[in-house]
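The values are calculated or read from the model by the stated rules, or taken from the named source; none is laboratory data. Here the structure is a predicted model, which means the values were calculated and not measured. All Cβ positions, even for glycine, are placed from backbone atoms using ideal geometry, and neighbour counts span all protein chains on display. SASA here: full protein model, heavy atoms, side chains in, ligands and nucleic acids out. Shrake-Rupley method; radii C 1.70, N 1.55, O 1.52, S 1.80 Å.
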Amino acid sequence: MKKKDKIRILFVCLGNICRSPAAEGIMKKLIEENGLEDAVEVDSAGLSDWHEGELPDSRMRSHGRRRGYDFCSRSRPLERADFERFDYIIVMDSSNYTAALSLARTDEDKKKLRRMTDFSSRFSYDHVPDPYYSGASGFELVLDLLEDACGGLLDFICTEISRNRKGIL
Ligand code: 4NP
């Protein structure tokens, strides 16, 4: 089978200003720390265009900053073409899953959809809760869940990279 130049991951939430840009920032840091920048590409998108062009929510940015992250992507809506560009489209909750599924055209597209919490190891949540109307504890919980799941996702991606290098993806 044809080898891919990179594995491409897209994180998706509703507004693309809280959960998915945080997942993107956390995952990018892990990728850098593990020297995998040439092998993995990460981006994020939203299921709405409500905040298109905006930086992540200031609360998410400041909670992230305290843990050493710089969340600085600009919000953009998910589009059908993302199913062609990305290998994994990772959503935060069931409503994201249903909305993203409606943009998937083929079985191959559908297989790219994953839930962030599928990669959790320390937590047993089945979704990453929307923090938009929550207080500080909601944002801290999101970061706890995302840091845990990004660790699991990194392990999964490392296995994919070695399979890809052997040409068995
Ligand atoms: P996100 O959070 O989906 O994690 O980016 C939200 C951001 C904005 C809104 C809802 C959720 N909103 O209603 O504008």
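Quick notes on this structure:
- Proximity of backbone amide H atoms, modeled 1.01 Å from N, is registered between Glu41 and Ile7, Arg8, Ile9 at under 5 Å, excluding neighbours fewer than 5 places apart on the same chain.
- Measuring only protein heavy atoms, the 1.4 Å probe finds His63 accessible over about 20 Å².
- Residues Asp130, Asp118, sorted by accessible area with the largest first, give Asp118, Asp130 [1.4 Å probe; ligands and nucleic acids excluded].
- Across Ser137, Ser73, the residue with the most accessible area heads the list, and the full order at a 1.4 Å probe is Ser137, Ser73.
- With each label modelled as a point 7 angstrom along the Cα→C-beta vector, the Thr106-Glu84 pair spans 1.1 nm.
- Candidates per chymotrypsin sites (Phe, Trp or Tyr not before Pro) in segment 21-110, loop by DSSP, up to 13 other Cβ within 10 Å: Trp50
- Whole-percent carbon and sulfur share, accessible surface of the chain, 1.4 Å: 48
- Per residue, in Å², the accessible surface of the chain once ligands and nucleic acids are set aside, probe 1.4 Å: 50
- Ordered from largest to smallest accessible area (heavy atoms of protein chains, 1.4 Å probe), the residues Ser134, Ser95 come out as Ser95, Ser134.
- Amide H contacts under 5 Å for Ile90: Leu10, Phe11, Val12, Arg114, restricted to partners 5 or more places along the chain or on a different chain, H placed in the peptide plane at 1.01 Å from N.
- The slack between Arg74 and Ser62, meaning 0.36 nm per residue of separation minus the straight C-alpha distance, is 2.7 nm.
- With semi-axes defined as the square roots of five times the eigenvalues of the C-alpha gyration tensor, the equivalent ellipsoid of segment 110-162 measures 24, 12, 8 Å, largest first.
- In this label model, Asn34 and Thr159 are separated by 1.2 nm, measuring between points 7 Å along each Cα→Cβ vector.
- Divided by 2.2 N^0.38 Å, where N counts the residues, the Cα radius of gyration of the chain comes to 0.98.
- Long pairs among Lys29/Lys111; Lys4/Lys29; Lys6/Lys29; Lys6/Lys112; Lys4/Lys112, criterion Cα-Cα beyond 19 Å: Lys29/Lys111; Lys4/Lys29
- Gain upon complete extension [Ser48, Tyr125; 0.36 nm per residue less C-alpha separation]: 25.3 nm
- Helix-only mean residue ellipticity at 222 nm for the chain, each DSSP H run of n ≥ 4 adding -39500 (n - 2.57), per residue, nearest 500: -13000 deg cm²/dmol
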